1. For the peptides 104-114, 532-542, what is the packing order when you average, over each peptide's residues, the other Cβ atoms within 10 Å and list the highest mean first?
2. Kirkwood Rh and Cα-based Rg: tell me the resulting Rg over Rh for region 316-487, rounded to two decimals.
3. Dipole of region 316-487, Cα-centred, from +1 at each Lys and Arg C-beta and -1 at each Asp and Glu C-beta, to the nearest 20 debye?
4. Starting from the 7 Å offset along Cα-to-Cβ, what nm value, one decimal, do you get for the label separation of Leu575 and Gln557?
5. Which FRET efficiency value, to the nearest 0.05, is calculated for Lys466 and Ala260 with the Förster distance at 56 angstrom and r the Cβ-Cβ distance?
6. For a quick protection proxy, order the peptides 149-155, 522-528 by their average other-Cβ count within 10 Å, most packed first.
7. Suppose the chain between Thr527 and Ser205 were pulled fully straight at 0.36 nm per residue; how much longer would it get relative to their current alpha carbon spacing?
8. Which three lengths, in whole Å and largest first, does region 497-585 cover when its Cα atoms are put on their principal axes?
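Derivation of every value follows stated rules applied to the coordinates shown; laboratory data play no part. Values in this document were obtained by computation on a predicted structure and should not be read as measured data. FYI the Cβ positions are ideal-geometry reconstructions off the backbone, even for glycines, and counts take in every protein chain you see.
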Amino acid sequence: MSLANPMALVLLGLAAPVIGFYILKIRLRRTPVSTLLFWRKIFDEKKPRSLWQRLRHLLSLLLQLVFLALLVAAVSDPIFRWQQKQSRRVVVIVDDSAGMAATDLAPSRLEAARARALRLIEGMRHGDETAIVAASRPRVVCGATDHERTLKQALASIVQTDAPARMTAAVELARRLLSGSPKTPRIVVLTDAALDQAAELAASSDVELVALGARTGNVGITQLQARRSVVDPVGYEIMVEVENAADEPAQLRLELELGADPIDVVPLTLAPGARSVQMFEKTSAEGGRIHARLDKADALMADNDAWAVLPRRARQKVSLATPGNLFLEKVFEALPAVDLEVVKVAPETKPAKPAPAAAGAVHVYHRQTPETLPAGNVFVIDPQVSGPYWTVGEAIKQAVVAKQDRDSAYMANIRLDNVALPESRKLSFPAGARLLAETAAGDAILAAIERPGVGKVVVLGVDLDKSDLPLQTAFPILAANVLSEFGGAKGELRPALAAGSTAELDLAADLKAGESFVLHAPDGIETPIVLAPGATKATLGPLDLHGVWSVLRRSEQAAASARPAGAEFAPGDHLVVELACNIADRRETDLRAPEGITARPLESALALAVRPVWYYLLATAWLLTCWEWLLYQRRWID
């Protein structure tokens, strides 16, 4: 046996004053009294001490010395050799993934795991060391230590996440913590066992798998994505996947909202283990947050909600120069997300210089064109004179389209072979132009030209006053296709991320003095985004909460101002981008542990009842104190 604190033995010196107080004799003081009558009576009743009375006095002294010896022995912390050989280093892996928020164990599976880990910490023997690892984002919450308070604080710091469990990586991290230690290694995994690796962990010799929760059914949204339509400039498409991870059928409703406006409500009936994929086509130029919700209450409510961010369709400025064509004006006015400006005479422009095509307005020239086309995108209708990218030939009396480029996005959903096009102009284009519509004779009447770094040009050689094209649906569709191609971002998708993932953003916006970037989490917690000097890209995450994350550009004034009640952001915050994050993991939605997984009880596996020697010494000292008090009350000792 050895002592962990041998210096405590000097406390045995306290026995000297204890013995001194017991053998100390009090000198009597002489006091004159008027009579000895009463004092003599007391003396006759209290005879000198007998042998038993003296032994009682010595027994009291012996009990005090034994009590002191027990306290000193407890403080010196004796350790037996067999205890030193059986000391352990235990790594506790706490599963803090989305599925651990299930409430089939009150208040949640995570809290049940925390209570189990707390019992393990309180049951550590002398020489034992414990480390704590979180599983959703494998990290060491607390290194190996025997300090109980530190371990409890670290355990309390683990918070619920919506990320999936990366249990294989967490176990490998635990094994690295155990490597090289002379103590008996042990890994304890506190999880709901709803893992793909559950069978492997249960069979592992160095892992104690402690399963929490029952085989509980659950219904959740496992996928939600929204994108802009590739055809309709203001249209969008939604894809929702719902899974019934239960052994019984489920009936529920799927509700969709864009902002505060309802989109659709769909009743669903799902067989056990079935999945349903729903597609929706809607229209909105404004965009915003799409919220999908299931109305069925179950053990895991977090996956009953999912979000997607629909990009806002920027409005296009269209400048129409026409001598007068009311129908042409009405076609562009009817197109959504278009701000139309009509002028009678085309203004003269300077030579086009390389510039982003989307930076300026779309220029539409009807019958009149300037000598030099402006930078940006240009749509020329019925040109009367040749221009820099086309040559106008003679009129075609009765032009009929015999060939059109059906692979071009300009010609999507358009048929011109049944449209009368009298007095159409023959157009000649330089090499590299894409001919979109041609007559049987090979004369081009519609073509598209790319101007790298400057913009696009589309030329239509049709006389709208004599042709019935304006009366056909093909013309408004053609105008919409042209503007859609000019605007770009067709089928634009801002994908919803899976919880626990990271995102790399290019924050190229110029920051003014006193401005900074802030990441706003769905729970309202904000984290500054620090960019390296000269860098524009930032890696955000892991985004381990489901909901919408926001990147804000904040000024010093906005940072100092108070956020109004009910407001999501502070006044003056500029929203840079929004990122939707969902529990897009079927394994987290499925709360059922694989068949055949049985967990060994934690108490028998770790022998929590074994305590260090000082614990029993203190317990004995306490019992001795109680016994001494009882003997004193019964006048067995002095």
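1. Sorting 104-114, 532-542 by mean packing, highest first, produces 104-114, 532-542.
2. 0.92
3. 260
4. Here the modelled spin labels are 2.1 nm apart.
5. Computed FRET efficiency for Lys466 and Ala260 comes out at 0.70.
6. 149-155, 522-528
7. Result for the pair: 111.7 nm of gain on full extension.
8. Computed over the Cα atoms, the extents are 41, 37, 15 Å.
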